[in-house]
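Colleague: The structure that follows is given in the form of structure tokens.
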Amino acid sequence: PYVGWARDVLQEIGPIDVSGVVVEDKGAILAFHYRRADVEDDALASIRAAIAGSEAAKHFRVQEGRKVYELRPPLQINKGTAARSLAERMGASAILAMGDDVTDLQMFEAVRAMSVPSAIVGVWNEESPEIAESADYFVRGVPGVEWLLEELVRVKSEG
């Protein structure tokens, strides 16, 4: 039913008339990105006001991330449950988890709880320093991720 309720939210709130706000429709999840807004506080206030005026939005819980305000079903479905499910389906014998947002912390916790060797890499950003603090290792931004992946490929191809 959450997919239908998400459609209802979109219908009820209509377009959010704030420059730089992007609504991402993820099916049963709606993500309101305001990273590109001229005045982020005003954009977030507009998003919150639009959602508050939606009857269908009451079916969801709010999760805030880095410059994103999400409506999510109140179910135990998150990046942690997804990582656990994916690892089990694939029969993973080791896990490399990378994340750059507070929404990735649940994934980090789930990976740590699994009984396979793992490495957790936080992607440093000034907006969410807790990501690097909760990781085993950290890299700086997209260039750091690219460097790490290139090094892994290089080491693998040499071995």
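Colleague: Just checking, does region 99-106 include any residue being at pLDDT 95 or above and either aliphatic (A, V, I, L, M) or in a helix (DSSP H, G or I) (or both)?
Modeller: So far as region 99-106 goes, no, none of its residues is at pLDDT 95 or above and either aliphatic (A, V, I, L, M) or in a helix (DSSP H, G or I) (or both).
Colleague: Is it true that some residue in region 117-136 is touching a Ser or Thr at 6+ places or on another chain (Cβ under 6 Å), open to solvent by 20 Å² or more (accessible area, probe 1.4 Å), modelled with pLDDT of 95 or more and not polar (S, T, N, Q)?
Modeller: Step one: of region 117-136, the residues touching a Ser or Thr at 6+ places or on another chain (Cβ under 6 Å) are none.
Checking region 117-136: not a single residue is touching a Ser or Thr at 6+ places or on another chain (Cβ under 6 Å), open to solvent by 20 Å² or more (accessible area, probe 1.4 Å), modelled with pLDDT of 95 or more and not polar (S, T, N, Q).
Colleague: OK, next. Quick check on my filter: what residues within region 140-156 are more than 16 Å from residue 102 (Cα to Cα) and open to solvent by less than 80 Å² (accessible area, probe 1.4 Å)?
Modeller: Correct list: 144, 145, 148, 149, 151.
Colleague: Residue by residue through region 8-23, note down the ones that are touching a strand residue (DSSP E or B) at 6+ places or on another chain (Cβ under 9 Å) and either surrounded by 14 or more Cβ atoms within 10 Å (Cβ to Cβ) or without any contact (Cβ under 8 Å) to a residue 12 or more places away in the chain (or both). Show your work before the answer.
Modeller: Of the residues in region 8-23, the ones touching a strand residue (DSSP E or B) at 6+ places or on another chain (Cβ under 9 Å) are 9-10, 13, 15-16, 20-23.
Residues satisfying the conditions are 9, 10, 13, 15, 16, 20, 21, 23.
Colleague: Further, regarding this structure: Suppose the filter is of a type in the set (Lys, Arg) and either surrounded by 15 or more Cβ atoms within 10 Å (Cβ to Cβ) or on the phi > 0 side of the Ramachandran plot (or both); does residue 26 pass it?
Modeller: On the way: of a type in the set (Lys, Arg): yes; either surrounded by 15 or more Cβ atoms within 10 Å (Cβ to Cβ) or on the phi > 0 side of the Ramachandran plot (or both): no.
Against the criterion (of a type in the set (Lys, Arg) and either surrounded by 15 or more Cβ atoms within 10 Å (Cβ to Cβ) or on the phi > 0 side of the Ramachandran plot (or both)), residue 26 does not qualify.
Colleague: Could you please let me know if residue 116 is of a type outside the set (Phe, Trp, Tyr) and in a strand (DSSP E or B)? Reasoning before the result, please.
Modeller: On the way: of a type outside the set (Phe, Trp, Tyr): yes; in a strand (DSSP E or B): no.
Judged against the criteria, residue 116 is not a match.
The values are calculated or read from the model by the stated rules, or taken from the named source; none is laboratory data. No experiment lies behind these values; they were computed from the predicted model shown. Neighbour counts run over all protein chains shown; Cβ positions are idealised from the backbone, glycine included. Each accessible area value is taken on the protein alone, full model and side chains, heavy atoms only, with ligands, DNA and RNA left out. Shrake-Rupley method; radii C 1.70, N 1.55, O 1.52, S 1.80 Å.
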